[in-house]
Amino acid sequence: MQRTKVKDLLKGAEVGKEVLLKGWVRTKRGNKYLSFIAVNDGSTINNLQVVADAERFSEEALKDVTTGAAISVVGELVASQGKGQAFEVQATSIEVVGKADPETYPLQKKAHSLEFLREIAHLRFRTNTFGAVFRVRNSLAFAVHRFFNEKGFVYMHTPIITASDAEGAGEMFRVTTLDPVNPPLTENGQVNYEEDFFGKATNLTVSGQLEGELAAMAFSDIYTFGPTFRAENSNTTRHLAEFWMIEPEMAFYDLKMNADLAEEFIKYIIRYALEHNREDIEFLGQRLAEEDKSKPQHERQEMTLLEKLEFVVNNDFERVTYTEAIDILVNSNHYKKKKFQYEVNWGVDLQSEHERYLVEKHFKKPVIVTDYPKDIKAFYMRLNDDGKTVAAMDILAPGIGEIVGGSQREERIDILVERMKGVGIHEEDLWWYLDTRRFGGCPHAGFGLGFERMVQFVTGMGNIRDVIPFPRTPQNAEF
């Protein structure tokens, strides 16, 4: 007999038929006549109740059917007599596939803190919260590929090991096969990377953008979706050392076209999750509402999770320049009452508190900020005619601040070389990048979306460590 998923059984199409169900026990309760076993196989947030009649199943036969155990059940799917579920399985056989000692199994019926669940990340998928989070993550990932595929983009795999630092930030993980205790040294006493595996210093990538630009100069529209790494010693709720980035690059695009695509993309993948994971999002929304009750009134969400997501999908994003954003912040009561921790003036990089004020307090919707000062943005962003700003854009979302960063890329080789010199990048290190400006270069643009931040936004989870299966953070590479 072929196994049927819980999600499909709960649709009721198999009522009256003998079915095979496999999954893990969430709870077991009963009386001297009947045992009620809640089974979940991860296909849905809902459990399926298995009813075991005491005349068929002795107490001894069910002794190993405990919370956490894996079981295989054969029985008839019937309309449920009890409240809370439409269907249940009247069991004719129950086999314990894998036992779980109730004395040591760490997931019990009581609520567990998210901090505790991070310590047992190998088991946290079995909870309702993390089951919902990772089903939503799965749908969002699928929607990413579907969106770009429908638009004719080419999916490009860019290197994970690289010799370039796309962001110029220098916070990279070194990749080497050299002896860590006695590495070969040059005459100057520095590590001699010419003797390393690749013959030069290499790192884990912080971005696939530069290589993506190369491909866009042939395919017009490409995207990357892969792991990126940043050795930033940060323990905030917004940072990971290993995370996933979506980075499209489009030839013949300007900044406005770039912003339009990013807005359309965000709405598309959120809409997909709403259509395919509504029960999961409703559950996570209820969880968020309960969490909110313990907060002061001014810190509580103005909209439910579902309302927030539908609001984003159904409304145009606000668009302002960086200069206009600074004016709004400086003229705000928040600034005048010195409620911002970080200074606000033209030329500063907007902090999360500034971004969230613009989104949550002033506009009350997602915001696209454009035309940032060149000195706080990367060398590859196109210099505007004013000579002070670049054609950059950030999309700011409620709850987490920046969710997308992008720009029109600098296609003019002379200006690009000057910008590289200004940040200490040698022409010979990026000769291949400059070649795309020498040979058939054209205006082009792209953006990067941090996938975990998008998952955070859609699930309402407060900590980015709770939306990636196994978080990598300072002093933590468990599992």
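The values are calculated or read from the model by the stated rules, or taken from the named source; none is laboratory data. What you see is a predicted model, and the numbers here were worked out from it, not measured in a lab. Note that we place each Cβ from the backbone using ideal geometry, even for glycine, and neighbour counts take in every protein chain shown. All accessible areas refer to the heavy atoms of the entire protein, side chains included, with ligands and DNA or RNA removed. Shrake-Rupley method; radii C 1.70, N 1.55, O 1.52, S 1.80 Å.
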Semi-axis lengths, Å, segment 365-421, gyration tensor of Cα atoms, sqrt of 5 times eigenvalues: 25, 10, 9
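Take the Cα pairs of segment 72-207, get the Kirkwood Rh, then feed it into Stokes-Einstein at 20 °C and 1.002 mPa s and tell me D in µm²/s.
98
Using a Förster radius of 30 Å, what is the FRET efficiency between Ala70 and Glu291 based on their Cβ-Cβ separation? Nearest 0.05, please. Each step should come with its number before you reach the end.
On the way: r = 31 Å, r/R0 = 1.04.
With a Förster radius of 30 Å, E is 0.45.
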Nearest-10 value in Å² for the accessible area of Asp429, using the 1.4 Å probe: 90
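Tally up the carbon and sulfur contribution to the accessible surface of the chain as a whole percent, 1.4 Å probe, everything protein left in place.
Values: 11660 of 23970 Å².
Result for the chain: 49 percent of the exposed heavy-atom area is carbon or sulfur.
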Kirkwood Rh, angstrom, the chain [1 / mean 1/r, Cα pairs]: 25.5
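With +1 on each Lys and Arg Cβ and -1 on each Asp and Glu Cβ, and nothing else charged, work out how big the dipole of the chain is about its Cα centre, in Debye to the nearest 20.
On the way: 58 positive and 73 negative charges, 397 e Å.
That gives the chain a dipole magnitude of about 1900 debye.
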Geometric extent, Cα atoms of segment 267-375 - Rg, Dmax (angstrom): 16.4, 45
0 to 90° range, to nearest 10: angle between helix 305-314 axis and the chain longest Cα axis: 50
Tilt relative to the chain, helix 278-292 - C-alpha long axis, 0 to 90 degrees, to 10: 80
Debye, to nearest 20: dipole size of segment 362-479, +1 on Lys, Arg Cβ, -1 on Asp, Glu Cβ: 340
Listed residues Thr459, Phe363, Ala201: farthest to the positive end of the dipole of the chain (Cβ charges): Thr459
Cα pair distances of segment 338-479 binned at 5 Å [whole percent]: 2, 9, 14, 16, 16, 14, 13, 11, 5, 1, 0
Over segment 1-99 - Rg/Rh using Cα atoms and the Kirkwood inverse-distance radius: 0.92
Hull-based mean projected area of segment 177-317, where the convex hull spans the alpha carbons, in square nanometres: 14.9
Bins of 10 Å, starting at 0 and running to the largest distance - Cα pair percent for segment 85-162: 12, 24, 28, 21, 13, 2
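Before I look further, what does the chain give for accessible area per residue, probe 1.4 Å, in whole square angstrom?
Working: 23970 Å² over 479 residues.
Accessible area per residue, the chain: 50 Å².
Return the calculated 222 nm mean residue ellipticity for the chain, to the nearest 500 deg cm²/dmol, obtained by summing -39500 (n - 2.57) across DSSP H runs with n ≥ 4 and dividing by the residue count.
-8500 deg cm²/dmol
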Charge dipole of the chain about the Cα centre (unit charges at C-beta), most positive-ward option of Gln85, Ala54, Ala121: Ala54
Column: log10 I(q)/I(0), Debye, Cα scatterers of segment 402-479, q = 0.12, 0.15, 0.21, 0.25 Å⁻¹: -0.60, -0.75, -0.90, -1.13
Gap separating the Cα centres of segment 55-122 and segment 240-298, nearest whole Å: 34
Farthest toward positive dipole pole in the chain [+1 Lys/Arg, -1 Asp/Glu at C-beta], among Leu255, Pro102, Leu178: Pro102
C-alpha center-to-center spacing [segment 214-231, segment 419-445] in angstrom: 16
